[in-house]
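No value in this document is a laboratory result; all are computed from the given coordinates. What you are looking at is a predicted structure, and each value in this text was computed from that prediction instead of being measured. All Cβ positions, glycine included, derive from the backbone under ideal geometry; neighbour counts span all protein chains shown.
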Amino acid sequence: MKALVVYYTRDGRTKKVAESVAKALDCDIEEIVAGKSYRGIIGWLRAGRGAMKKVTIGINEPKHDPAQYDLVVIGSPIWGGLMSIPVRSYVEKHKAKFKAVAIFVNLGGDNSAPGLKEMGDACGKAPLATMAVSTVETKKGQFSGKVAKFVEEILKGSYA
Ligand SMILES: Cc1cc2nc3c(=O)[nH]c(=O)nc-3n(C[C@H](O)[C@H](O)[C@H](O)COP(=O)(O)O)c2cc1C
């Protein structure tokens, strides 16, 4: 029963939630490092447009091989209504190695459904659990209840 939390973050919020999930599952964690910068206004525009066009980019070689885990938990910011480019790139590259998945997103608004659906579809597996945490919840540190429920759902699923 080995789990791995994998996430990308541009502004640090998905990282906070990912760390909280990894702590609750007492498992390994891996940050996806994009081969392209999404900093600044140009980066922001590239990120939004690219996400909507569903582009993929080069990313770092993972330190943790997802094939070695019973469960991969994947976290992404929502960009242009969909998953972020680095997370799409990770999923495209490694999905064949996933045994079971759970997914979560971090977003400024409240329309998480298209991004969560896209991530689940891209993984090619029905997620054991899904979670959406807003920017406001993350800033205020008010997401521990959601993480507890997310982890409970994971543990109730076939992973347990
Ligand atoms: C390029 C870009 C596009 C975004 N598009 C959306 C969006 O369509 N819907 C939304 O709710 N939030 C959107 N956001 C807000 C992010 O999802 C939100 O700030 C999230 O907390 C960022 O996570 P991070 O701090 O881990 O990078 C966007 C942010 C960026 C940078």
**Study point:** Long-range HN-HN contacts of residue 105 with modeled amide H, under 5 Å
**Key:** 76, 131, 132, 133
Study note, to complete from the structure: Residues other than residue 55 with Cβ under 9 Å of its Cβ, Lys/Arg counted +1 and Asp/Glu -1, net out at +4
Review point. Where does each of 78, 59, 85 land when they are ranked from fewest to most other beta-carbon atoms within 10 angstrom?
Key: 59, 78, 85
Exercise for review: May I ask for the Kirkwood hydrodynamic radius of the chain, worked out over all distinct Cα pairs and given in angstroms to one decimal?
Suggested key: 15.3
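Hey, fewest Cβ within 10 Å first, where do 10, 39 land in order?
The fewest-first ordering by Cβ neighbours comes to 39, 10.
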Practice item. Just add up the charged neighbours of residue 29: K/R +1, D/E -1, any other residue whose Cβ is under 13 Å from the Cβ of residue 29. Key: 0
Review point. Given +1 on the Cβ of Lys and Arg, -1 on the Cβ of Asp and Glu, and no further charges, what dipole in debye does the chain carry about its Cα centre, rounded to the nearest 20?
Key: 460
Check your understanding: Residue by residue through the stretch 35-51, which ³J(HN,Hα) values in whole Hz follow from phi under the Karplus form 6.51 cos²θ - 1.76 cosθ + 1.60 (θ = phi - 60°), with glycine and proline marked x?
Key -> x, 10, 8, 10, 7, x, 5, 5, x, 4, 5, 4, 5, x, 5, x, 4
Check your understanding: Karplus couplings for the stretch 73-90 from phi (6.51 cos²θ - 1.76 cosθ + 1.60, θ = phi - 60°), rounded to Hz, Gly and Pro as x?
Key -> 9, 10, x, 9, x, 8, 10, x, x, 10, 6, 5, 4, x, 5, 4, 5, 5
Check your understanding: Between residue 53 and residue 93, what is the label-to-label distance in nm when each label sits 7 Å out along the Cα-to-Cβ direction?
Key -> 2.0
Revision key, fill the gap. Neighbour-count ranking for 6, 136, 147 (other C-beta within 10 angstrom, fewest to most) reads 136, 147, 6
